[in-house]
Structure formats: structure tokens, C-alpha cells
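Take a look at the structure below.
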Amino acid sequence: MILTVVKALHIAALILWSAGLIALPLVLGKHEAGEEQADYARLRRITNYGYTRIVTPAAVIAVSAGTALIFLREVFVPWMFAKLVAVGLLVALHALIGHTVVQMSERRGDYIPPSPLPLVCAMIATMTGVLLLVLAKPAMPDLTPDWLETPQNNHLPLEATPT
């Protein structure tokens, strides 16, 4: 029961986070040089609210629930670590969007955001990679060196165990 609830929470938050990561760059791309203050303020409020109140909490919930699922299902396999690298890239792209949102707020109309196309393409490619890794669960080679998996029979560099 708990596993089902955590998985449902993870999927729902992931859908919301992914949709926000695609929508926010598109909304930020609507800003134009010389636009009127009312239009600028409206778009700025939308992007700021969307980023701080919807997309970021969804990201935190998705990552937290996903971390809980790793331990609940004991999924410590190479494809999961590859998925975590892709999720780390999503987090970096999320931070890049946050940086753009802050620039829009601080520069008050002087900042023109970059084209949303490369960012949206990177988001979709990364999300597709995560989805393929989760659904296919490919057999990947274990790249862990042997010296990390076998005991070395070395003592700790301490004279006595601290009490």
C-alpha cells in the first residue's frame, strides 16, 4: 500500500514538474524588448509564481518520492544510476530556468531571455532518456572497479576507537 502511494505521488509530481519545465521556457520566450510595463509585469508574475509555487515544489516532491522508491524497492542496479544522472541533468536545467526567471525579475525589462527552443529540446531529450531507462530497464555493464567491491583488509588510520 505504501509503495503504491509513494509511486503514485512520484508519478504525479514528475508529470507536473516535466510539464512546467517545458512550459516555463516557452512563457519566458514571450518577453520582448520594449514591451509595455503591464505586459512585462503579467508575464513576470506568471513565470515567478509558476517556478516558485508549482514547478519547484513538484520537483522536490518528485525527487523525494523517487529517492524513497529506490530504498523501498531496493533498486540498486546500473540502469538506476544512469537514470539518476539524467535526473541530475533535469535538476541542472531546472536551475537554469530559475536563473532566467531571476534575471527577468531583477533587470525589470532590460533582460531578453534566450530562445526557448534549445532548452525545450534539451528537456524533452533528457525526459525521454529517463523514461526509456525506467521502462526498458536495460542490462548495463557494472562499471564499478573490483577494488571497491572487495575488502582490502586494511585497518583504519586510528590508534584506538574513539569513545
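The values are calculated or read from the model by the stated rules, or taken from the named source; none is laboratory data. A quick note: this is a predicted structure, and the numbers were derived from the prediction, not measured. Glycine gets a Cβ as well: all are built from the backbone with ideal geometry, and neighbour counts include every protein chain shown. Please note that ligands, DNA and RNA were not included when accessible areas were found on the heavy atoms of the full protein model with its side chains. Shrake-Rupley method; radii C 1.70, N 1.55, O 1.52, S 1.80 Å.
Annotation: of all residues in the stretch 61-114 being without any contact (Cβ under 8 Å) to a residue 24 or more places away in the chain and within 14 Å of the chain's Cα centre (by Cα), the one that is least open to solvent (accessible area, probe 1.4 Å) is 88. Report yes if some residue within the stretch 34-48 is of a type in the set (Phe, Trp, Tyr), open to solvent by less than 70 Å² (accessible area, probe 1.4 Å) and modelled with pLDDT of 95 or more; otherwise report no. No - not one qualifying residue is present in the stretch 34-48.
Suppose we filter the stretch 6-49 for residues that are assigned to a helix (DSSP H, G or I) and in contact with a helix residue (DSSP H, G or I) (Cβ under 8 Å, 6 or more places away or on another chain); how many remain? Outline the logic, then answer.
First pass over the stretch 6-49, keeping only residues assigned to a helix (DSSP H, G or I): 6-28, 37-49.
The next check asks that each one be in contact with a helix residue (DSSP H, G or I) (Cβ under 8 Å, 6 or more places away or on another chain); those that pass are 6-7, 9-10, 13-14, 16-18, 20-28, 43-44, 46-48.
Of the residues in the stretch 6-49, 23 are assigned to a helix (DSSP H, G or I) and in contact with a helix residue (DSSP H, G or I) (Cβ under 8 Å, 6 or more places away or on another chain).
If I filter the stretch 115-149 down to residues being touching a residue at least 12 places away in the same chain (Cβ under 8 Å), small (Gly, Ala, Ser) and under 24 Å from residue 30 (Cα atoms), which single residue comes out as surrounded by the most Cβ atoms within 10 Å (Cβ to Cβ)? Ranking the qualifying residues of the stretch 115-149, first place goes to 122. Please go through the stretch 120-142 and give me each residue that is of a type in the set (A, V, I, L, M, F, W, C), in a loop (DSSP other than H, G, I, E, B) and touching a helix residue (DSSP H, G or I) at 6+ places or on another chain (Cβ under 7 Å), ordered by number. Answer for the stretch 120-142, where residues must be of a type in the set (A, V, I, L, M, F, W, C), in a loop (DSSP other than H, G, I, E, B) and touching a helix residue (DSSP H, G or I) at 6+ places or on another chain (Cβ under 7 Å): just 140. Would you confirm, using the coordinates I've provided, whether residue 19 is out of contact with any strand residue (DSSP E or B) (no Cβ under 7 Å at 6 or more places or on another chain), within 19 Å of residue 125 (Cα to Cα) and without any contact (Cβ under 8 Å) to a residue 40 or more places away in the chain? So residue 19 passes the test.
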